[in-house]
Amino acid sequence: MKVLFIGGTGVISSACSELAVQQGIDLTLLNRGRTNRSVPESAKSLRGDIGDPTIADLLIGHTWDAVVDWIAFMPEHIQRDLDLFRGRTGQYLFISSASVYQTPPAILPVTESTLLDNPYWDYSQAKIACEDMLVQAYRDEKFPMTIVRPSHTYDCTKIPLFGGYTTIHRIIQGKKVLVYGDGTSLWTLTHHKDFASGFVPLLGHAGAIGEAFHITSDEWLSWNQIYGLLGQALGVKPQLVHIPSDLVAAFDAEIGAGLLGDKSHSMIFDNSKIRRLVPDFACSIPFSIGAREMVAWYAADPARQVVDEHLDVLIDRIIDAYESSFPNS
């Protein structure tokens with residue numbers, strides 16, 4: 001099976017690239033070659049920028065059984081791909097986001113039939129618009145699309161905390177760290193290798209055409225537990241300060257949009273649909289292991305331990321403002 005990944009070296013896609021070649025897929029990666037992650041030796045390479053108007057010349061003579069765009073997030077990207085890959089692929093897979101689902105959700109767990117409606121976050125609204133275009137293309141011309149919605153998917157490089165490594169540094173230093181809300185909302189973290197085990201079998205799968213799937217772990221953790229597991233991996237108990245997300249948004253609208261439009265609400269998922277097509281799909285890497293992988297990866301190279309000084313100061317300001325207003329909290 002011949003497959004093209006547009007991208008293929010990111011947090012999520014790197015594990016899918018690795019698994020695809022392990023399973024004998026003839027994989028080609030189309031990207032600019034700007035990555036620090038290893039690329040599977042047997043993967044072919046097309047060097048180019050998918051946004052370059054001359055990219056069509058690079059694709060002349062090529063056809064694929066499946067094309068995956070890992071980096072599209074705007075409707076104009078979908079229109080570009082429709083123009084480029086009509087008649088060139090037996091399947092087109094768009095990587096959407098689980099943040100497109102109704103926020104906050106009226107019913108849990110979320111299924112693929114949950115309404116797409118996120119009024120808070122521009123990113124999610126753009127992904128919904130992309131999905132709408134693909135559904136219309138399927139209806140109008142039977143364009144062979146499949147929509148996949150990852151939730152919060154991570155690898156050892158991607159710390160799932162507000163502030164990323166800056167917050168890890170604060171934990172190590174014994175400083176207070178910000179947790180949105182009361183820390184009890186439930187969240188779903190998925191290791192990228194677990195995601196790959198559900199995603200790669202969809203490539204070339206006739207039953208996936210015209211359908212949408214989310215692929216997530218079945219492990220549900222509160223944010224307090226997530227901070228706690230990272231603290232255990234570090235050997236330090238985090239000093240948590242619980243702060244309303246709308247207060248964070250008042251200090252930084254961009255950060256606030258991601259909280260109000262995604263992480264401040266409980267999000268758990270029913271994975272029955274992906275398992276109907278991929279019966280062997282199972283997530284085997286709990287976050288307790290993922291947390292240890294992260295800590296080990298950052299500890300292995302001091303150059304990775306980059307503290308965002310602006311964000312560090314912002315966290316102090318938010319915590320100080322909250323504690324001065326609610327001194328007994």
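For the reader, a short list of remarks on this structure follows.
- Seen through its C-alpha gyration tensor, with square-root eigenvalues sorted a ≥ b ≥ c, segment 251-319 comes out oblate because a/c lies at 1.5 or above while a/b is not bigger than b/c.
- The chain - mean residue ellipticity at 222 nm from DSSP helices (-39,500 (n - 2.57) per run, n ≥ 4, rounded to 500): -11500 deg cm²/dmol
- Our Cα-only numbers for segment 145-235 put the radius of gyration and Dmax at 16.3, 53 Å.
- Share antiparallel - DSSP beta bridges, the chain, percent rounded to 5: 10
- Relative contact order, percent, segment 1-120 [alpha-carbon distance under 8 Å, six or more residues apart]: 23
- Between the helical axis of 309-325 and the longest alpha-carbon principal axis of the chain there is an angle of about 50 degrees.
- Dipole of the chain computed with +1 at Lys/Arg Cβ and -1 at Asp/Glu Cβ about the Cα centre; of 30, 326, 99, farthest Cα towards the positive end is 30.
- Summary of the geometry: segment 57-85 and segment 206-265, compared by the centres of their Cα atoms, lie 31 Å apart.
- Taking every C-alpha pair closer than 8 Å and separated by at least 6 residues, the mean separation divided by the residue count of the chain gives a relative contact order of 19 percent.
- The simple Förster model, with R0 at 56 Å and r as the Cβ-Cβ distance, assigns residue 63 and residue 122 a FRET efficiency of 0.95.
- Gain in span if fully extended, residue 176 to residue 307, counting 0.36 nm per residue against the direct Cα distance: 45.6 nm
- Cα long-axis angle, helix 75-85 against the chain (0 to 90 degrees, to the nearest 10): 30
- Per-residue extension of 0.36 nm, minus the Cα-Cα distance of residue 272 and residue 250, leaves a gain of 4.1 nm for this segment.
- Rule-of-thumb Rg ratio for segment 1-105 [Cα; 2.2 N^0.38 Å; N residues]: 1.09
- In the chain, the convex hull through the Cα atoms has an average projected area of 17.0 nm², a quarter of its surface area.
- As a calculated quantity, the FRET efficiency between residue 36 and residue 299 at R0 = 25 Å, using C-beta atoms, amounts to about 0.90.
- For segment 102-259: rounded, prolate or oblate by the Cα gyration tensor [a/c cutoff 1.5]: prolate
- Residue order, fewest to most surrounding Cβ atoms within 10 angstrom, among 186, 161: 186, 161
- Mean-position separation - Cα centroids, segment 142-183 and segment 1-27, in angstrom: 23
- With Cα atoms, 0 to 90° folded angle of helix 11-22 axis to the chain main axis: 40
- P(r) histogram, all alpha-carbon pairs of segment 83-186 included - 5 Å bins from 0, percent: 2, 10, 15, 16, 16, 13, 10, 7, 5, 3, 2, 0
- Between residue 320 and residue 23, full extension at 0.36 nm per residue minus the direct alpha carbon distance yields a gain of 101.7 nm.
Each value in this text was obtained by applying a stated rule to the coordinates, not by laboratory testing. As the structure is a computational prediction, the values presented were derived from the model and not from experiment. Because the Cβ atoms are built from the backbone with ideal geometry, glycine has one as well, and the counts that use them run over all protein chains shown.
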